[in-house]
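Reviewing the structure listed below.
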């Protein structure tokens, strides 16, 4: 068991770059966009709605609670870095129906 303190486990987390396409006709993972996962969302990019929709969509797609999905960078742009706690990058890509992560 690894951790900083006695008996304190450190939970694995991984980051994934996501390229968001808001106002799409349906919500889906649409493959890769360079090194990023392309995600189509029906929500508009207004008043944080697309960010909330992204967290909700990824949590449902990965089978984890929303509290384990966090937008770590890029809240105001299409390109975002998302941190998922309790999962490896390889597992994230597998659950999203993609090949092994680039790089």
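Here is how the numbers come out for the structure above:
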quantity: Matching option when the condition is outside any strand (DSSP E or B) and surrounded by fewer than 14 Cβ atoms within 10 Å (Cβ to Cβ), among 61, 67; calculated: 67
quantity: Of residues in region 8-58 being assigned to a helix (DSSP H, G or I) and under 12 Å from the mean Cα position of the chain (by Cα), the one nearest to residue 102 (Cα to Cα); calculated: 58
quantity: Qualifying position, being in a loop (DSSP other than H, G, I, E, B) and at positive phi, among 77, 97; calculated: 97
quantity: Considering residues of region 33-55 that are in contact with a helix residue (DSSP H, G or I) (Cβ under 9 Å, 6 or more places away or on another chain) and more than 16 Å from residue 23 (Cβ to Cβ) only, the residue surrounded by the fewest Cβ atoms within 10 Å (Cβ to Cβ); calculated: 55
quantity: Residue in region 17-26 that is nearest to residue 88 (Cα to Cα), counting only those that are crowded, with 17+ Cβ neighbours inside 10 Å and in contact with a strand residue (DSSP E or B) (Cβ under 6 Å, 6 or more places away or on another chain); calculated: 17
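Computed from the coordinates by the stated procedures, all read-outs in this text should not be read as laboratory data. Source: prediction; values computed, not measured. Heads up, the Cβs are rebuilt from the backbone with ideal geometry, glycines too, and the neighbour counts pull from every protein chain shown.
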